[in-house]
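I have placed the structure first, in the form of structure tokens, so that the comments after it can refer back to it.
The values are calculated or read from the model by the stated rules, or taken from the named source; none is laboratory data. Bear in mind that the values here come from a model prediction, so they are computed numbers and not experimental data. Every residue, glycine among them, receives a Cβ derived from its backbone with ideal geometry; neighbour counts consider all protein chains shown. For the accessible areas, the whole protein counts, side chains as well, though only heavy atoms, and no ligand, DNA or RNA atoms are used. Shrake-Rupley method; radii C 1.70, N 1.55, O 1.52, S 1.80 Å.
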Amino acid sequence: MAVTGHHRLRRVVIAVLLLAPAAGLLWVPWYAGAGPRPAGTPFFYWYRLVRVPGCGLCLLAAYALTGRRHR
């Protein structure tokens, strides 16, 4: 079965969705600082609180794009 342009694009989008959470975690200088301080709390804690559901949404979207369905 030949891989068409549509399938190739879908694979690229899935790969980006799976790599985005890892890239966000490995880029330490972006979130390691204390500022900005929303509500007086260092940014690192806010980043972690937003990152967890964000990773879940990325994984959910990647799974939905695979097109696999349970029987």
* Asked: How many of the residues in the stretch 33-65 are outside any helix (DSSP H, G or I) and open to solvent by 70 Å² or more (accessible area, probe 1.4 Å)?
  -> 2
* Structure fact -> Residues of the stretch 23-32 being in a helix (DSSP H, G or I) and open to solvent by 50 Å² or more (accessible area, probe 1.4 Å), in sequence order, are A23, L25, L26, V28, P29, W30
* Residues being basic (K, R) and either more than 13 Å from A61 (Cβ to Cβ) or touching a strand residue (DSSP E or B) at 6+ places or on another chain (Cβ under 6 Å) (or both): count how many of those fall in the stretch 2-26. => 2
